[in-house]
Structures are given as structure tokens and as C-alpha cells.
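Supplied in C-alpha cells, the structure appears directly below.
Computed from the coordinates by the stated procedures, all read-outs in this text should not be read as laboratory data. Remember, it's a predicted structure, so these values are computed and weren't measured experimentally. As a convention, Cβ positions derive from the backbone with ideal geometry for all residues, glycine included, and neighbour counts pool all protein chains shown.
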Amino acid sequence: MGTANDPAASFDRSAIAYEQLVALNRAGSRRLVAALPDETFARVVDIGCGTGFATMEVVARGGVREVVGVDPSRPMLDVFAGHLAAHPAVNADLRAVDAVSAGVADGWADLAVCTMALHWMPDRPAAIREMARVVRPGGIVALLAPGEGHDRPTVDLMHAAGPLLSRLGDSIVSNEITLGWLSGVMASAGLEPVDTWAEVRERAVPPDSIADRMDAVATHLWDDLPAPQQADVLTRVRTAFRAAADPDGLYRYRFVKTFAVARRVA
Ligand SMILES: C[S@@+](CC[C@H](N)C(=O)[O-])C[C@H]1O[C@@H](n2cnc3c(N)ncnc32)[C@H](O)[C@@H]1O
């Protein structure tokens, strides 16, 4: 369970709504899994698994027999368990712990995935080393994260809106995982690149839908404030998105994602 100023606390609150609000995460996981080598992954570890988008995509490919899901947010794991219940042949072990504390045995997994979670982890290199450790030699590590220059329109909007809303802008910038950084850390963790790429996509959305998304993933940024002030900040975020909408009523933003598929050196 998340604590104050802890990203997992946002996800504790949003676990049910999360699935509707971050459909784009699911699409990213699908593209990551589509890029995996054409191999069978019988044992999968999903670090920062949340509700299990990535693992469920791997399960849909077939051949998965055992899954370890790692996420400090128990409510997210509960939603994941619901999805896995439709696949009784898959043996699942969902652990409500930090990325580096799951204690999976060295080389246990054929595949370790981490989608849209690395950026929330306090020690990102340690999380990548952990993924490299838990896969067998020749096994695959697959990562999806916010990329360089992610959502600049929103960063600029929040920075222009005063110190409290600036926290959201700062968080988006600090969440960026650049290709160069990721390649370097993966190499030093003993991972050889299979494919590493970035994608840029533009979206035009109702401003309230992006505000709802922020409610789902970023409320921990204001956990130090008394509850009425937190509610006020979220209202101001919503107002800022509405005011920045184009004449057609839609808010336009650009999101960037970093993808990496790598193999543990045999
Ligand atoms: C945006 S969600 C992504 C979930 C899922 N992987 C997906 O693709 O939808 C980020 C997840 O990271 C988890 N998380 C935050 N801090 C973490 C940590 N230190 N170790 C592992 N997971 C963490 C959160 O609880 C949340 O479920």
C-alpha cells in the first residue's frame, strides 16, 4: 500500500478507474509485446505490473505458465488478479512490494517486463539490474516508459500556472526515460539490445479526460497538502486544461514513449 508522497498511493486510489483512463498505456504495452522475439515465455515477471496490461498481452500470445507480478499497490494487483482468473492454467503470484524487493530467484524468468512504471521507481538503475537478474541467460527484458520531450504542452501549461501546478510539470520532466540513458544502463546490467526505439504521437482529447488521467496517476504530488487544498489543486489543474483547449473544444498534446527489448547475455 502506498504512503504519503509515494506514487503508489495515486494508484491505490485509482485502481478501478485506471483501466479506462490509461487506455494508451495498454496500446503501448501491445506494441512492446508485439516487438518481442518470436519465442515462448513460460515464466514472466512483471515489475510495476499495475493491473497487468503487459502480462495479459503476453498471456494472449500463448505459452505462459507462471507469472510473478510485482507492485506496491494492492488494489492494482487485485484488478490484475481478476484478469488472470480467466486463465486458470496460468499460475500467478502477485507480490505487493517494491520493484527490487520481490526476491525472485536468479534467472527464474524467460521474460521480465516493465511498462509505464520505471519512472515512478526511486532507483531506476537498480530496477533494471533487478530485471536483468531475474531473467535467465538468453532471456528477454522489455521496457516501456515516458520518453524524452514527453507532453511538453502540458509541462509548459503547468509551469505557467504557479508553484503548486508546477509540480506536475516538474514531475512529467523528471519522468522522462531517454533512449541514451536506458541503453547505457541496460548495457551495464549485462543486457544486449534487440530493439530500442522512441515514438511520438499526437492526441486531441476533451480536456476533462486528461484531467481525469492526472487524477489517476499524479495525486501523490500534492499529498503533503491538507485535503481541501489538494482538491483545490486538482480543480485548478482541470481548469487549466479547459482553458488551454482549442476552439474545437479539444486539448492537444504530444506524448513520447521509449521502448526497449534486450536479451540477457548468455
Ligand atoms: C502507470 S502504472 C503502470 C502499470 C502497468 N505496468 C501498465 O502498463 O499499465 C505504474 C505502476 O507502478 C507502480 N509503482 C510505483 N512505484 C513502484 C515501485 N517502487 N516498485 C514497483 N512498482 C511501483 C504503481 O503502483 C503502478 O501500479
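Kindly provide the helix-only [θ] at 222 nm of the chain, computed as the sum of -39,500 (n - 2.57) over DSSP H runs of four or more divided by all residues, to the nearest 500 deg cm²/dmol?
-13500 deg cm²/dmol
So which chymotrypsin sites (Phe, Trp or Tyr not before Pro) in the stretch 217-266 are both in a DSSP loop and have at most 14 other Cβ atoms within 10 Å of their Cβ?
none
Sticking with this one: Taking θ as phi - 60°, what are the ³J(HN,Hα) couplings along the stretch 66-71 by the Karplus curve (6.51, -1.76, 1.60), each to the nearest whole Hz, with x for Gly and Pro?
In residue order, the calculated couplings are 9, 10, 10, x, 10, 6 Hz.
Also: So what J values fall out for the stretch 147-157 if you push phi through Karplus, 6.51 cos²θ - 1.76 cosθ + 1.60 with θ = phi - 60°, rounded to Hz, Gly and Pro as x?
Those phi angles translate into x, 5, x, 4, 6, 4, x, 6, 4, 5, 4 Hz.
While we're looking at this one, here's another question. Please list the non-local residues whose amide H lies under 5 Å from the amide H of Leu94, H modeled 1.01 Å from N, same-chain partners needing a gap of 5 or more.
Distant-sequence amide H within range of Leu94: Gly69.
Counting only residues 5 or more places away or on other chains, whose amide H sits under 5 Å from the amide H of Tyr251 once H atoms are built in the peptide plane?
Close amide H contacts, sequence-distant or interchain: Val205, Asp246.
Something else: For the chain, set up a Gaussian network in which alpha carbons nearer than 10 Å are linked by springs, and say which option among Ala27, Ala117, Ala211 fluctuates the most.
Highest fluctuation among the options: Ala27.
Can you tell which of Leu165, Cys114, Thr178 lies farthest toward the positive end of the dipole of the stretch 70-186, using +1 and -1 charges on the Cβ of basic and acidic side chains (Lys, Arg; Asp, Glu)?
Of Leu165, Cys114, Thr178, it is Cys114.
Ok, one more. Could you pull out every residue, at least 5 positions away or on a different chain, whose amide H is within less than 5 Å of the one on Met116? Hs are placed 1.01 Å off N in the peptide plane, and Pro or chain starts have none.
Leu144, Ala145
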